[in-house]
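Reviewing the structure listed below.
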Amino acid sequence: MFEFKFPDVGEGIAEGEIRSWLVEVGQTVAEHQALIEMETDKAVVELPSPVAGVVAELRGEVGEVVAVGTVLALIEESRPAVTEKGEPFAAGVVGELEEATESGPDHGGDAETPPVLPRDRKLAAELGVDLGQLRGRASQERITEEEIRAKAGEKEKGQEAERIPLRGVRRTMARTMAASAARAVHVTVMEQADALALRRLREREHALAAERGIRLTWLPFIVKALTLVLERFPLLNSTLDQDRGEIILHRQVHIGFAVDTPDGLLVPVVRNTRQLSILELAAALQDLALRARERKIGPGELKGGTFTISNYGALGGIWGTPIINPPEAAILGIGRIDEVPVVRDGEVVARPVVPLSLTFDHRIIDGATAHRFLNALIEYIENPDLILLET
């Protein structure tokens, strides 16, 4: 009997949540056929069977969190039958394995309760549905998921609140942010920059980017400016090794950027931003954001950042107090770029202004350094030709 164990699907993955089973007990599976859909704190992956055979047992319910190495299923392997001379028959012979049969559903020990699969029993428990209330309603051979959800929907009517499990990306986000808030000393400073010159530069390059199939937003310009400033202020491109009492100054700049997905917040990382042009940055940001929303991004693309951007301005936000993405030392929040009245040469004029909120770890960075950092960033935004001169 082959033991199918939860493999290490990525760098540093220690556990995962069973999102769905793709096979049932008794089902014949081919080698490399997907058995289960697992959600880690990085991505959703389908795990294939290393062997062909018949599923003898499934271990673990949907929603259950299991550690890497846990046995998830037992598979009775298919072996080729042999001739009297000990030679295998042609392909397609399944040795002495019995024909795959439908598994008997779990009766749960109650003879009067219609049969129900373990995964549906788990679902009923999560939704607070009493299976006994479904007696006689099932027209099928067993209680179905649809019946359970329908009953749960009836229960929700008239209720004031709904409870949903904290799972997957949202659980990871909650755990990470709570740890960051507890371990770092967060301080946020705010400034705003006149983005008129940057807007003109962006509009000038917009057609060229469009010809290459690239959507040129503000973000690649700010990422490039940020990269140049981080090289001048290495403390903001650092991490703190508490165990050794050392600050690690990173030689390369790897920028993470928060992406809002239906499952929660993901932070893909653009590596070596110093070596990328504005158009290359735009293409990388566009590609990573798209794959993050589709949950097709690899675990390695969500790790290794040295600084993070939270672009809540894309959702209409103006100011914020972003939480540092540990173990990094700082994070920059970018607000919505609006036309606002400002005074220039003694006259009130309308200018596009970008709000900047910098949260830093006060154990590593003092307030004066943080303000100098923001002032340098503002200089690049208000004089974007400097970006082109230095790259």
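The values are calculated or read from the model by the stated rules, or taken from the named source; none is laboratory data. Predicted model only: the values in this text are computed from it and were never measured. Neighbour counts are summed over all protein chains in view; Cβ atoms, including those assigned to glycine, are modelled from backbone coordinates with ideal geometry. SASA here: full protein model, heavy atoms, side chains in, ligands and nucleic acids out. Shrake-Rupley method; radii C 1.70, N 1.55, O 1.52, S 1.80 Å.
Some values worked out for this structure:
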item	result
Mean Cα-pair separation over length for the stretch 301-370, i.e. relative contact order, pairs under 8 Å, 6 or more apart, %	30 percent
Net +/- balance of residues flanking GLY305 in space, Cβ distance below 9 Å, scoring K and R +1, D and E -1	+1
Heavy atoms of SER78 accessible to a 1.4 Å probe, total area in Å² rounded to 10	40 Å²
Electrostatic dipole magnitude of the stretch 169-389 [Cβ: Lys, Arg +1; Asp, Glu -1; Cα centre; debye, to 20]	680 debye
Positive-end residue of THR188, ILE164, LEU281, charge dipole of the chain with Cβ unit charges	THR188
Solvent-accessible surface ranking, highest first, for TRP218, TRP319 at 1.4 angstrom	TRP319, TRP218
Neighbour net charge for THR227 - beta-carbon separation under 11 angstrom, K R +1, D E -1	+1
Whole-Å distance, taken between Cα centres, linking the stretch 232-264 and the stretch 332-352	30 Å
Relative contact order of the chain, defined on C-alpha pairs under 8 angstrom at six or more residues apart (%)	14 percent
Solvent-accessible ranking of MET177, MET190, largest area first, probe 1.4 Å	MET190, MET177
Volume in Å³ per residue [convex hull over Cα atoms, computed for the chain]	230 Å³
Percent carbon-and-sulfur accessible area, the chain, ignoring ligands, DNA and RNA, probe 1.4 Å	49 percent
Å² per residue, accessible surface of the chain at 1.4 Å	53 Å²
Ranked packing of 266-274, 245-253, 168-176, 305-313, most packed first, by mean Cβ within 10 Å	305-313, 266-274, 168-176, 245-253
HIS186 - accessible surface, heavy atoms, 1.4 Å probe, Å² rounded to 10	60 Å²
Student exercise, the stretch 2-77 dipole from Lys, Arg, Asp, Glu Cβ charges, in Debye to nearest 20	40 debye
Net charge over other residues, Cβ less than 12 angstrom from the Cβ of PRO50 (K, R count +1; D, E count -1)	-2
For the stretch 299-391, size of Cβ-based charge dipole, Lys and Arg +1, Asp and Glu -1, in debye	300 debye
